[in-house]
Amino acid sequence: MSGAVTAAFRSRERRRTTIGEGSAPRIALIAAAVLFLALFLGAPVVTVFLSAFSRGIGPYLGALRSDEAVAAIGLTLTTAGIVVPLNLVFGIAAAWAIARYDFPGKSVLLTLIDLPFSVSPVIAGLVFVLLFGARGWFGPWCSEHDIRVVFAVPGVVLATTFVTFPLVAREVLAVMQAQGSDEEEAALTLGASGWQILLRITLPKVKWGVLYGVILCNARAMGEFGAVSVVSGHIRGETNTMPLHIEILYNEYDFVGAFAVASLLALLAFGTLVVKKAVEWAALARPARVNISLPAAPAAVGERSAAR
Amino acid sequence: MSVRAESLTKRFGSGTAAAVEGAVFDAKPGEITTLLGPSGSGKSTLLRLVAGLEAPDSGRVFIAGKDVTRVSPRERNVGFVFQSYALFRHMSVFENVAFGMRIRKRPRGELRTRVEELLGLVQLPGYGSRFPAELSGGQRQRVALARALATDPEVLLLDEPFGALDAKVRLELREWLAEFQQRTKVTTILVTHDQEEALELSQHVVLLQAGRVVQAGAPHELYDRPATAFVASFLGGANVLRGTVRSGRAEAGALDLAAPQGARDGASFHAFVRPHDVRLAKPEDDRDPVALARVERLTRIGAQVKVALELPDGESMTVQMSKTEIESLGLEPGDRVLVDLRDAKVFVEDYSI
């Protein structure tokens, strides 16, 4: 136990001595960062809330309670609820395949994963209109079977899935590649099957990457505007998501309503970040607890005190 | 159980040089066999071929007489210890060691007793609830060993097991492993680039160079009768001398050695001289300095001193002597010395009978 304590003490000491430049540059850098954040991130957020409440709480709640707002909030949450699990499964599958196996077309798959990032969201939306629209490839088939994709909820979900696909896959792939596959190989020699390795070794190993990907994916799914705007058709109360609803309200000079919905969207994003922080803290707390409950271990041959 | 590799070849990517080419070796049951070679010699790849972590392009692997070339590593029943230890970082030491048994669905009571027994065996009793991040390198290495042994493997495969440890811990773990293997008699194949480790630990050494096995045998066999210049210089860092045979003597510059019987005059030869098989003496009178070697540099390593010499013909030679010998000679860099070869292995290239 004393080993851990001295290690912690030493690291604090090191932190103090490594900054040998004196305090002036440090203060200048911190001030620059804080100023920048306040100007470009803090001010807009504050403006959103100030505008939303500019006529008091009544109009604010009224704007959120309108049927169209409730429908938009519902659609946004539904979309995120479908898109995030889909991208979670596909993202892990793609990352696993790329990190673990060599197969023909691997580089093509990698490029495809990055495609949604490099293509403008508007074009992503147009692709679905061209595929499923009345004159699109699958349009006639869809109308024969009475399936509506474009200007309907499935189109919104498809476009959002497309735009957010790289977020989980990229995060998980980066973590998998950084950690290598030694542990998986060890599990293999110990007799584990492919599924056992995935569930017991790989997923626990990459869970932080997965979580981070999910959070980013969720934030983007709720906030996506361009692609969804093209496929949704802006049908009020039916295919409007929160960002689209905000735009409509704003164009109609209903600033309180626009900023009220915007503030809710911002709060959802904050909620996501809070969940992320909470999970990180929980993860950090765990080894500490283990540390404290350590049994008094006998000194082993040839070991110095616990190296950490 | 015995392990046999039959002309294994493995190439990573077409057109590249083979990592392992036509490698043959045998590991006898109950012994430690070392795959020794410099980095890039294919020794780790060869071990991974035995474990099944790589599939050979050609050749076969036998474990206990059974052809396992097409058998998945899952079913080969080998214990593999990685250089990086590859402990499951999200699991406690107990769960790491128990992993193989959980996969095999062993009853809970048996599992617990076996894990405790193994942790005792690797001298880490009571460490079950720790996490890998809380252990030192040597401790992690022993957990990896316990984990590999938990499923009663037929063969234990160790990939540079002491590579990432500091010198002191490495020596201690090496002794511990030798003793441990003597006790358990589990067939062990160990990969290392450290010739001292190979000579000290193993009963059988397989020396690799550029993916090929250049010589295999007992450590003293390789040391005393190196098959090639590479073996001689890799094991014990021998000096290589070249020259020609003249009237029964092998002459290399100003030095001459006894040539093997039947060596033809004019045949060229090469000879290996171990650094500790050379004695230096100060010339008594003013002899012709042309026939003397010059001391270039003295490097002290504990009680030993490494002397770098420049021979009269311009070749260099490394000599190892004890500190007391050097001090009694009063040797300094720049001194002229007489070179006395106590032992040398002479290989006549054009051997005629």
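Summary of values
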read-out: Within region A:71-144, helices (runs of 4 or more DSSP H) holding 1 or more residues that are closer than 25 Å to A:Glu238 by Cβ; value: A:121-132, A:139-144
read-out: Residues that are away from chain B (no Cβ under 11 Å), under 17 Å from A:Tyr101 (Cα atoms) and touching a residue at least 12 places away in the same chain (Cβ under 8 Å), drawn from region A:182-225; value: A:Leu198
read-out: Exclusive hit being of a type outside the set (Gly, Ala, Ser), within 30 Å of B:Ala210 (Cβ to Cβ) and touching a helix residue (DSSP H, G or I) at 6+ places or on another chain (Cβ under 6 Å), set B:Ile32, B:Ile63; value: B:Ile32
read-out: Residue match in region B:94-110 (condition: within 25 Å of B:Asp194 (Cβ to Cβ) and assigned to a loop (DSSP other than H, G, I, E, B)); value: no
read-out: Number of positions in region A:29-70 that are basic (Lys, Arg) and either in contact with an Asp or Glu (Cβ under 6 Å, 6 or more places away or on another chain) or part of a helix (DSSP H, G or I) (or both); value: 1
read-out: Residue check for B:Gly128: surrounded by fewer than 24 Cβ atoms within 10 Å (Cβ to Cβ) and more than 8 Å from chain A (Cβ to nearest Cβ); value: yes
read-out: Residues of region B:25-58 satisfying the condition of being hydrophobic (A, V, I, L, M, F, W, C) and within 17 Å of the chain's Cα centre (by Cα); value: B:Phe25, B:Ala27, B:Ile32, B:Leu35, B:Leu36, B:Leu46, B:Leu47
read-out: Lone unmet requirement of (1) surrounded by fewer than 19 Cβ atoms within 10 Å (Cβ to Cβ); (2) more than 14 Å from chain B (Cβ to nearest Cβ); (3) of a type in the set (S, T, N, Q); (4) closer than 20 Å to A:Leu211 by Cβ for A:Gln179; value: (2)
read-out: Conditions (1) at negative phi; (2) surrounded by 17 or more Cβ atoms within 10 Å (Cβ to Cβ); (3) within 11 Å of chain A (Cβ to nearest Cβ); (4) not hydroxyl-bearing (Ser, Thr, Tyr); number of the one not met by B:Ala146; value: (3)
read-out: Pick from region B:234-249, criterion touching a Lys or Arg at 6+ places or on another chain (Cβ under 9 Å) and closer than 30 Å to B:Val205 by Cα, ranking: surrounded by the fewest Cβ atoms within 10 Å (Cβ to Cβ); value: B:Gly237
read-out: Given (1) out of contact with any Gly (no Cβ under 9 Å at 6 or more places or on another chain); (2) more than 7 Å from chain A (Cβ to nearest Cβ); (3) modelled with pLDDT of 90 or more, index of the condition B:Val97 fails; value: (1)
read-out: Test: A:Arg170 is charged (D, E, K, R), within 11 Å of chain B (Cβ to nearest Cβ) and surrounded by fewer than 22 Cβ atoms within 10 Å (Cβ to Cβ); value: no
read-out: Residue match in region B:70-82 (condition: more than 9 Å from chain A (Cβ to nearest Cβ) and over 25 Å from B:Pro132 (Cα atoms)); value: yes
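Here is a yes/no grid of residues against (1) in a helix (DSSP H, G or I); (2) under 20 Å from the mean Cα position of the chain (by Cα); (3) over 23 Å from A:Val122 (Cα atoms):
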position	(1), (2), (3)
A:Ile235	no, no, no
A:Ile246	yes, no, no
A:Ala260	yes, no, yes
A:Leu265	yes, yes, no
A:Phe270	yes, yes, yes
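The values are calculated or read from the model by the stated rules, or taken from the named source; none is laboratory data. Remember, it's a predicted structure, so these values are computed and weren't measured experimentally. We place every Cβ from the backbone using ideal geometry, glycine too, and count neighbours over all the protein chains shown.
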